[in-house]
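What follows is a single structure, written as structure tokens, with notes after it.
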Amino acid sequence: APLGFTDVNLNSRNTYEVSRRRSAPEHLAHGGTAPAEPAPPPQEPAERARHRVGIAGAGSSFAEFFTRNFFTKRTKELKPAAQSAPGWKLFGKVPPRENLPKDSKIIQQEYEARTGRMYKPPPSSARRKNIEFEPLSTTALILEDRPANLPAKSVEEALRHRQEYDEMVAEAKKREIKEAHKRKKIMRERFKQEENIASAMVIWVNEILPNWEGMRATRRVRELWWQGLPPSVRGKVWSLAVGNELNITPELYEIFLSRAKERWKSFSETSSENDIEDAGASVADREASLELIKLDISRTFPSLYIFQKGGPYHDLLHSVLGAYTCYRPDVGYVQGMSFIAAVLILNLEEADAFIAFANLLNKPCQLAFFRVDHSMMLKYFAAFEVFFEENLPKLFLHFKSYSLTPDIYLIDWIFTLYSKSLPLDLACRVWDVFCRDGEEFLFRTGLGILRLYEDILLQMDFIHIAQFLTKLPEDITSEKLFSCIAAIQMQNSNKKWAQVFASLMKDNKEGDKNHSPAPKS
Amino acid sequence: MQKHNQKEHLYKLLVIGDLGVGKTSIIKRYVHQNFSPHYRATIGVDFALKVLNWDAETVVRLQLWDIAGQERFGNMTRVYYREAMGAFIVFDVTRPATFEAVTKWKEDLDSKLVLPNGKPVPTVLLANKCDQGIDVLMNNGIKMDQFCKENGFVGWFETSAKENININEASRCLVKHIIASESEPVQSIEPDIIKPHLNSSKIGSCSACFKS
């Protein structure tokens, strides 16, 4: 597989696809068709299968991300017929029962044999996995005789142990049953969610995308949009929503890419360090930028193992970022960009990813941050605080008491559009609605996170809050986060985000005026 | 066993230096005792807390501010320097340009931050990734001492987050200087003479840091 990946480059994505196909060719035909789904349009199955097979080849964590995301939940709950569909089996997880502690089981069996009480499987309705209802701990050890060098148990003691053991078993079984019910419920919910995604996909493909301009702002589409975009249309919808007001064409991308390549070539030919001192400051900066890109690419989603050197998307990420520094030398490369470009590359073809990237970074908020326009950033933080106080007054005061300012956590969140701080699947959902609602949603998401963890944060002091918010828990779920985001009102005494922000801008109008977005090409 | 007469110090320490020199790795090694080659780039600032039982009477809590290395963020991260009591400036021995940047970082730090007594904050220089077999510094120990003296570093250490070399030592050195600068706020202290013991299997230290 690594060989197949190394020749992924620029316009050779077809090669890559071939190699991806090779990694699981026999599953391709079925990969995209889930039995429960209504029949998708013809190009769909191949497209999705391609994605999935690629994932299988790309390394386990990446596969895990996607399976966790969209596929696994299904495998466990599906009816037998569905389970035999190879596309699903490919990503199935090993059921947890395999790692049961054996010795306690053996002890228990021995005990049962001794006492003549055979373990009876629960009635047929719960027969699914009777192992689940056995105690999983080593409590059965209590039934063992003492080692020979110790006095033996008395009859009463043995009896008492047996009684205690029975109680423990009963207790454990109760617990297990409760947990099993909980698990089942979660599975059911996930299954439902998967079905929703599948049917949403049909609506997006057949109804919305063909009538994009007419439908994008309708209530129905906006509501569907909030639920999360089906992965197969995600890139397309992002592209459409971000737009292309810079009028970048794939040809233009190729031009900037070849410029970047020339620069890399001359950069590597002149043995770097000595020349930097001689050259003018701007050249040094630009060349440093190229080095920064190199350094940062390996530090972009390192756990996915696909952007690192030798990984399938390494060169692609390099190209998009390099071309951008040539396209916008006034902005250059800024840390955080590699994460944004990476998420786009995961969802779009190369040139489309670049077009979306350049247009996304040309939005006023992104431009302010990536140019590190400090006074503008402070305006955004101030607007954020207005809604922070409005929505979470208690937490707001708590943060104030520690002089914990929003820049401490917002910089990371805004610069990477949450792709570094949230699990990738969740970050994509934030991006979905960010594409719908614009910059406002980034700040609303931040408030949603604060709301989600409000109770914990209220118990913490400065350093623990700072640590917590710069490294959020990994088990954060989209249901919880999005219900918290939904509960955030972006309304401050009848003023909406844009108005609050505009009035903050007016307050300090004497500040410099060179914040206008870049000229359009 | 918390004693009643125990003193507790809380120090904010900055960890600064060029991008990719290993600031995050050093902190992870120091605080969590582990190393991974796969840390993500730091955007803005990250935090860590290290508690040291300094001696029988003293507990030291170190608030570590791991600040993003890209020069562009300079303006923005200046606010993070506020109220820091000490700093590590880190460079990567395998990339000479990151050493060139050290004086820039030091000047930037001193221009934005002084102790209440008007002195620059104690700063220790870390030559990181010394495990990568580059001995450029080994032969330049005296030059490095001179460099530290000229640029106002209280000490320097060759460190490796990967191999866990000298990180605890460097921190003890810095804390020692912070405690010293706190206890003698007015009196001017001659800069220490730094004598890293470069020959003794990469264990560096500085003269002020031997705990009696």
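Structural remarks
- Note on the stretch B:176-187: among residues that are open to solvent by 40 Å² or more (accessible area, probe 1.4 Å) and of a type outside the set (D, E, K, R), the one that is modelled with the highest pLDDT is B:I179.
- Residue pairs whose Cβ atoms lie under 6 Å apart, separated by 6 or more positions or on different chains, with the first residue in the stretch A:312-338 and within 12 Å of another protein chain (Cβ to nearest Cβ) and the second open to solvent by 10 Å² or more (accessible area, probe 1.4 Å) and assigned to a helix (DSSP H, G or I), are A:G332/A:S289; A:Y333/A:S289; A:Y333/A:L292; A:V334/B:R72.
- The single condition among (1) touching a helix residue (DSSP H, G or I) at 6+ places or on another chain (Cβ under 6 Å); (2) under 22 Å from A:M377 (Cβ atoms); (3) away from chain B (no Cβ under 13 Å); (4) crowded, with 22+ Cβ neighbours inside 10 Å that A:R429 does not meet is (2).
- Residue check, A:L229 assigned to a loop (DSSP other than H, G, I, E, B), closer than 22 Å to A:S478 by Cα and open to solvent by less than 30 Å² (accessible area, probe 1.4 Å): yes
- Inside the stretch A:305-335, residues that are assigned to a helix (DSSP H, G or I), more than 22 Å from the chain's Cα centre (by Cα) and either more than 22 Å from A:T249 (Cβ to Cβ) or of a type in the set (F, W, Y) (or both) make up a count of 2.
- In the stretch B:11-23, the residues that are open to solvent by 20 Å² or more (accessible area, probe 1.4 Å) and modelled with pLDDT under 95: B:D18
- Number of positions in the stretch B:27-63 that are surrounded by 22 or more Cβ atoms within 10 Å (Cβ to Cβ) and more than 9 Å from chain A (Cβ to nearest Cβ): 3
- Leading residue by the ranking (most open to solvent (accessible area, probe 1.4 Å)) among those in the stretch A:434-463 that are farther than 22 Å from A:T416 by Cβ and within 14 Å of chain B (Cβ to nearest Cβ): A:D461
- Among the residues making up the stretch A:464-511, a single one is hydrophobic (A, V, I, L, M, F, W, C), within 14 Å of chain B (Cβ to nearest Cβ) and open to solvent by 20 Å² or more (accessible area, probe 1.4 Å): A:F468.
- Of all residues in the stretch A:289-304 being open to solvent by 10 Å² or more (accessible area, probe 1.4 Å) and part of a loop (DSSP other than H, G, I, E, B), the one that is nearest to the other protein chains (Cβ to nearest Cβ): A:R299
The values are calculated or read from the model by the stated rules, or taken from the named source; none is laboratory data. All values reported here derive from a predicted model rather than from experimental measurement. Note that we place each Cβ from the backbone using ideal geometry, even for glycine, and neighbour counts take in every protein chain shown. Just so you know, the surface numbers come from the protein's heavy atoms only, side chains and all, with ligands and any DNA or RNA stripped out. Shrake-Rupley method; radii C 1.70, N 1.55, O 1.52, S 1.80 Å.
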